[in-house]
Structures are given as C-alpha cells and as structure tokens.
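Novice: Please see the structure below; I have some questions.
The values are calculated or read from the model by the stated rules, or taken from the named source; none is laboratory data. All values reported here derive from a predicted model rather than from experimental measurement. FYI the Cβ positions are ideal-geometry reconstructions off the backbone, even for glycines, and counts take in every protein chain you see.
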Amino acid sequence: MLTSTINTAEIERLQKSFQDYISECNNRYENNNQKYVMTYPILKSKNGKHTLITKIISDIRTKAERKLITNKKKLPVAYFSARHMVGDKLDENVKRHSGLIILDIDIDDNPDTDFIKLKTDLYNDKFTLICFNSPNGGIKVIFNTNISKLEHHKAYYENIKTYLLKNYAITEIDTSGCNIARACFLPYDINCYFNPHSSKYCLDDKQIEDSIIQIKLNKVKNSLSKVILQVGSTSYDEHYNNILNLLKKRTEVGLYKNIFNNYRFYNIHSRVMDTSVPFLEILILKNSLPYRLNWNTTIDEHYFKSNTQKQLNVIDIGCKEGIEVCKVGFKKDHKIKEHYRAKTLSAMTIKLIFNNPFCHPDRLLQVIKLINYRYCEDPHPIKNPKPDDEEVKNIVMGIYNKFIAGELDFSNVINKKKGKIVRKYVFRSKDYVDINHSITQKEACQTFQKGKRDLLMVKLLEAIYMLQDGKKLTYVRIAKYLKVHPKTIRRNIPDDYKQRIMTYNQSIKAFPKQPRKPI
C-alpha cells in the first residue's frame, strides 16, 4: 500500500498564511483608498474641504490644464498630513492626522541624482503610497504610517527621511515637510504612482521616543555649531534681507504669521527701515484692558508723523482681532535671581523680538544690557558673576539667529488670559501729550470701540450680499450669519444698510412665490 508523503498540516498552515496575507492586502487596500486629506482651490483660499486621496490622484493624472499654469501658487493644494484642520493653515490648527507623511526631493538640492531612475526606484518601494513630480520637476513621495498622535509627526518624518537617505541616491531632502500643515501644490503628472496595497511604515513607542530625543540633540548640536553673529557685522541691508526672507516663508508656509500680520507686511515692503527700531517698539505694557491704558508706549513715528495726538487701534493694524503682544517690564525693586539670569534675559529677548520683529539686533542688545545692569542680582561677583557684555551679546545674537532661521518658539512668552491670547490694545505716539487722565481713558476706549464697529460694518455688508438668496432678509438671519445677537445688529446698523435691506425685500415681493412641492 502506498503512503502519501504530503504533509497536510503544512499545507493547511500555508493556506492559512496565504489567506491572512490576502486579507491584510484587502484591508490595506480599503484603508488606503478611504483616506481623506484637506484640500484648497489655491494656497490663499480659506474654503478647505475633505477630499479622498483617490480623487486627488485622479485629478493629478487627468487635469492636463494644470500644465499651462506657470505660477504654482495658482495650483490647487493639498495638506496630506492633515485629516482635519480648522482656521488658518498652521500646525496648531490641525485637529486630526491623516497618517500620511510627505517628503519633497528637490532637483536643486540633489544635482547629481538621476531623478528618472529615482522615481522608478521609489515606485518599487513597498512603503510608497503615492509618488509624483512636483511643479518644479522634483519628486513628492508619500508614505502611510501608523502615527496616532499629532506631536509624533516630526519623529515619523525624521525616521522616514533617514530611511530614504540611507536607501536611495539622495543627498538632501527639503525639511519643510516636517510641518503637519505643509501645503503641497498639485500639478499634472500622467504617471502619478498610487499603490493602495503599500505597506504601512510603522514605529513602536521606543522608536518614537528615540527619534524625539535625537531631534532634540540635533537641534542643540545645530545651535551650538552656528557661528554667533557680530553686531557690528550685521548691516541694516543684511538685516532687511533677513526679514524679507522671513516674510517670504510667512507667505509660503505661514511662518511667524501671528507677528507678521498685514500691517507689518505692508510697511516692510514700503521699506520703513530708517530708525534703530524700524517698526513697532513696545517695551513696557502695564495693563491689558482697553479702559486701562495709561502707559508710555513708543510706536514707529511713521504712523504718527501727521498727527502725534491720534491713537492707533490694534484692529487698524490689519489683524482682525488685533495684534498679539507680550508683556515686558519689571517693578522698580524687582531682582532677577542668580540662577535665572540667563534664562530671564533669553525670555526678555524673545519677547522683544515678538513685539518688534523688524528690530535690528543692536537695539535688542542695548535693551537687554540695560535689563542686565538694572535687574540682575550679583551676590557672588567673584565666584559666579552676573553676565558681562560679551555673554549678553551671545544670548541676544543666539536668539536672533534662531529667529532669522525660523526656529524661534514664541509659545511660552505670549501673554495669555484665561487660556486665550490677549489682543486688545490701543497705542499712542511717544510724543503724545498726556492731557487729562479720564479723557485719555475715554479716548482710548472710543478708539478701540470705533475699530470694532468698523469691522462689524464690513462683515454686515458682506452678510447683506451673501444672504440675498430669494428669502426675506431679516436682522435675525443676519445675526445668525455673523454669529452675534440680533440686538447687536439693531443697535449698529446704519440707515443706508437698512435701505439696502428694504429695497431687496421689496424686490423679491415682485416675484410670485413658488408653490411648495407635495410631501
């Protein structure tokens, strides 16, 4: 009798393994096809929507008219790492991660790389979910990951970046993708690669922790390796060019958007650089409420030269909710403790840069030296003396270098009240003549309230036009659109706006009402 040599148990095991593999591939396919990311018609648009990546891929492959667009800023954009984003396109406004990490490989950064071969090689990588050419001819590659927390984005980004540099003929990868809210212009690429069966790039807790530690070490290493600028060697033209570069990054990726608002942006382009503090000089703010404004504050005289008695409302600066400001100042008898001197001087420098982003470093140095001289205690002048002028210069220029490099974090110094940033301020010229204290307070409040009312008028006019949809226009509808109480509309609406509403309501009466459809 013949005996079978077939191991049925082994066959069953192989069959189960194969079925598990097929099941995993199907799950992978479904998960990759069902991913949504935020997209916008153009970079400056605020009308974002959640879009399936399959729709994005289809548009990249088929929208040939995008080839004719020479200015890439007119192309649609996608935020591949942002599953949900609210408000301005900033990292802090991303509420949910999509799981995708995008990396940008530029031609200029890799002159010796064969990009045709590189693209083919990336197609064959098991982790590549999407790969296409960027508008300038470089390559965008997107990996799907098992990321679960927004704060782990940089750890995954750096890990994938290391993986690509190690396995492919690449010398440098654009670091801008390390931001979650990184815009990606969507070009036309008929050969756009999409692999719904790609593997997830997974990191465990230990790998994430190691990456975070390495990022911190690299940041310290880079800051130590940077040559400290000499104040005397930074001319105003060099400083001006540094600021222009920052403004360019503000336009492209939203860098320092809270301090480079429209008013400051306009003035830097008008080249208002003729004083040691070329724009806003806010050194001491004693109070934060509009009805407590009895402080001496200096403002760039470019604004006040026509009338030193006028006042500047923060709403007029170009930022709808005003301008964020750090409180800077000490009481006369305040002392900076021995072990906190360097830390406090650093914080003061960051605050002054936040309030005066166009300030030349020699002016910063002058103020920080004064703070060091007046407020830093020196109980052990021989054993542990307080910082000398050279040390103070190193502190100031180290922070200035970080600011110019786009690496300065202002989150710990912005003045906050009940968890929200305080933005309500009215400023005066340094040549403002202080009249009567009560009159000053009243004028300040009137200036602030006038700015608020002017802003409401703009929004009110917008609402009147937007709500002309064939239905009767009422104060209640307008209030609901503007998210205010109807009483606010009744109190503030001017007669010409009332006439617009009345004319519109009369015009719709001329049209017969459409009969309701039976239910």
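Novice: Select from region 141-180 the residues that are aliphatic (A, V, I, L, M) and either closer than 13 Å to S81 by Cβ or part of a helix (DSSP H, G or I) (or both) and list them in ascending order.
Specialist: Answer for region 141-180, where residues must be aliphatic (A, V, I, L, M) and either closer than 13 Å to S81 by Cβ or part of a helix (DSSP H, G or I) (or both): I142, I147, L150, A155, I160, L164, L165, I180.
Novice: Give me a count of the residues in region 342-370 that are over 28 Å from the mean Cα position of the chain (by Cα) and more than 13 Å from K393 (Cα to Cα).
Specialist: The qualifying residues number 0.
Novice: Among the residues of region 351-370, count how many are within 19 Å of K335 (Cα to Cα) and at pLDDT 85 or above.
Specialist: Residues that pass the stated criteria total 2.
Novice: Name the single residue that is farthest from Y193 (Cα to Cα) among those in region 28-74 being at pLDDT 90 or above and acidic (D, E).
Specialist: In this case the residue turns out to be E65.
Novice: Another question about this same structure. Just checking, which of A64, A155 is closer than 19 Å to I42 by Cβ, of a type in the set (G, A, S) and touching a residue at least 24 places away in the same chain (Cβ under 8 Å)?
Specialist: A64
Novice: Next question. Of all residues in region 81-139, how many are within 19 Å of the chain's Cα centre (by Cα), more than 17 Å from Y40 (Cα to Cα) and not in a strand (DSSP E or B)?
Specialist: Number satisfying all stated conditions: 1.
Novice: Right, another one. Among the residues of region 407-421, is any among the small types (G, A, S), out of contact with any Cys (no Cβ under 6 Å at 6 or more places or on another chain) and modelled with pLDDT under 85?
Specialist: Yes; the residues of region 407-421 include at least one that is among the small types (G, A, S), out of contact with any Cys (no Cβ under 6 Å at 6 or more places or on another chain) and modelled with pLDDT under 85.
Novice: Considering only region 480-508, state which residues are more than 16 Å from L455 (Cα to Cα) and of a type in the set (F, W, Y).
Specialist: Answer for region 480-508, where residues must be more than 16 Å from L455 (Cα to Cα) and of a type in the set (F, W, Y): just Y504.
Novice: Pick out the one residue from I147, I56, I102, I139 that is touching a residue at least 60 places away in the same chain (Cβ under 8 Å), aliphatic (A, V, I, L, M) and touching a helix residue (DSSP H, G or I) at 6+ places or on another chain (Cβ under 9 Å).
Specialist: Within the list I147, I56, I102, I139, the selection yields I102.
Novice: Can you tell me which of I173, I190 is surrounded by 15 or more Cβ atoms within 10 Å (Cβ to Cβ) and either touching a residue at least 12 places away in the same chain (Cβ under 8 Å) or closer than 19 Å to T120 by Cβ (or both)?
Specialist: I173
Novice: Can you confirm whether region 115-130 contains a residue that is surrounded by 19 or more Cβ atoms within 10 Å (Cβ to Cβ), free of Cβ contacts under 8 Å to residues at least 40 places away in the same chain and touching a helix residue (DSSP H, G or I) at 6+ places or on another chain (Cβ under 6 Å)?
Specialist: Within region 115-130, not a single residue is surrounded by 19 or more Cβ atoms within 10 Å (Cβ to Cβ), free of Cβ contacts under 8 Å to residues at least 40 places away in the same chain and touching a helix residue (DSSP H, G or I) at 6+ places or on another chain (Cβ under 6 Å).
Novice: On to the next question. Among the listed residues K89, K63, K49, K74, identify the single one that is of a type in the set (K, R), farther than 29 Å from T171 by Cα, loosely packed, with under 12 Cβ neighbours inside 10 Å and out of contact with any Lys or Arg (no Cβ under 6 Å at 6 or more places or on another chain).
Specialist: The unique qualifying residue is K49.
Novice: While we're on this one: If I ask for residues that are of a type in the set (D, E) and at pLDDT 90 or above, which ones from region 75-105 would you list?
Specialist: Selection gives D104 alone.
Novice: Okay, next question. Please tell me if K343 is assigned to a helix (DSSP H, G or I), farther than 24 Å from S411 by Cβ and at pLDDT 85 or above.
Specialist: No, not satisfied.
Novice: Mind listing just one residue for me: the one in region 445-470 that is in contact (Cβ under 8 Å) with a residue 12 or more places away in the chain and in a loop (DSSP other than H, G, I, E, B) and, of those, surrounded by the fewest Cβ atoms within 10 Å (Cβ to Cβ)?
Specialist: This residue is G470.
Novice: I need every pair where a residue in region 399-417 that is more than 17 Å from N356 (Cβ to Cβ) has its Cβ under 6 Å from the Cβ of a residue that is modelled with pLDDT under 85 and not aliphatic (A, V, I, L, M), sequence separation at least 6 or different chains.
Specialist: What qualifies is G406/K249.
Novice: Right, another one. Kindly provide the set of residues from region 371-388 that are surrounded by 12 or more Cβ atoms within 10 Å (Cβ to Cβ), part of a helix (DSSP H, G or I) and not basic (K, R), ordered by number.
Specialist: Hits for region 371-388 are I371, N372, Y375.
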